[in-house]
Amino acid sequence: MAESNIKAVIPGDIHKVWEIVLDIEHYSAWRSALSRTEIKNEKQFVEYTKEGYPTTFSVTAVEPCRRWEFDMENSNMKGHWSGIFTSKGTETEIDFTECVTAKKVYMKPFVKGFLKKQQAQFVADLRKESAKYTGRKFSIFKHVGNISKRNNGYTKELNMIFWDGREPVYDIRTWNDDHTKYGKGVTITPGEMKKLQELIKDINIF
C-alpha cells in the first residue's frame, strides 16, 4: 500500500473552500484533470479523466467544514482518501491523505509518485478556484522564516507564495501582522534559489 499526504493553506474562509471541494457536480469547471463527473446517489459518484477513464468514489464520513472521507476504486487501484479542513481566519488549511493499493504488480513502484502529482495538481486547481471568490492575488504556501522587524510594525519575511495562481516562488518582503498588507519585495524561483545558495555559501558574513 502506498500513502501520500499533502498540507496546504488555501485562500478563502473554510465555508467557501468546503463548498468548492464538495460541489462534485461542478468539478470539471475547475479541476484540470477531469472531463466530467457523474453523481450516482448522495454517497457515491464517478470522476472521469480527460481520456474518459472512470474512478468510483464512495463517501464514508462527512463532518461539515471539518472532515470528508471516501473509498475509491478503478480497474488499476483501490484505496481510501481523507481530508481535514481547519479554519485559519480568512484562509483554510487542508490536510489530505490517500492510501492506495495497486491491483497490478508492475504499477506498485509508481503509485506513490503518481499520488503526489495528483495531489499537487488538485491543490493548485483548488487555489485558483478559491482565489476567484477572495479578490486576493496571493496565497502563502509556506512561511520559511522572519528576517527582521521594522519600527513600523512590519516584519520582513521569507515565504513561498503563489502569486495570481502561478507556481510558488520564494518571496522576500515586509508584511503586517495578519498578512493583509505588504511592501515591495523580490521574488525568486526555486531554480534561482538553488543558484543563490551556491553563490552565498562561501561568503564571509560581517
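Data for the structure
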quantity	calculated
Mean Kyte hydropathy of -0.5 or more with a Cα span along the axis of at least 18 Å, helices from DSSP in the chain	none
Kirkwood-based shape ratio for segment 138-200, expressed as Rg/Rh from alpha carbons	0.98
Length-normalised contact order for segment 156-206 - Cα pairs under 8 Å, 6+ apart - percent	26
Magnitude of the charge dipole, the chain, Cβ model with Lys/Arg +1 and Asp/Glu -1, debye to 20	620
Theoretical gain in end-to-end length, Arg31 to Glu69 [0.36 nm per residue, Cα-Cα removed]	11.8 nm
Order by protection proxy (mean Cβ within 10 Å, highest first), peptides 112-120, 126-134	126-134, 112-120
Least to most buried among Phe110, Phe45 (fewest other Cβ within 10 Å first)	Phe110, Phe45
Net charge, Tyr154 excluded, C-beta distance under 10 Å - Lys, Arg +1, Asp, Glu -1	+3
Cα centroid separation, segment 44-59 to segment 148-189 (Å)	39
Cα gyration tensor shape for segment 1-71, rounded if a/c is under 1.5, else prolate or oblate	rounded
Residue-count net charge about Ile39 - beta-carbon cut-off 13 Å; Lys, Arg +1, Asp, Glu -1	-2
Over segment 59-206, relative contact order from alpha-carbon pairs under 8 Å, at least 6 apart, %	10
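Every number in this text was worked out from the coordinates using simple rules, so none of it is lab data. All of these numbers come straight from a predicted model, not from anything done at the bench. Because the Cβ atoms are built from the backbone with ideal geometry, glycine has one as well, and the counts that use them run over all protein chains shown.
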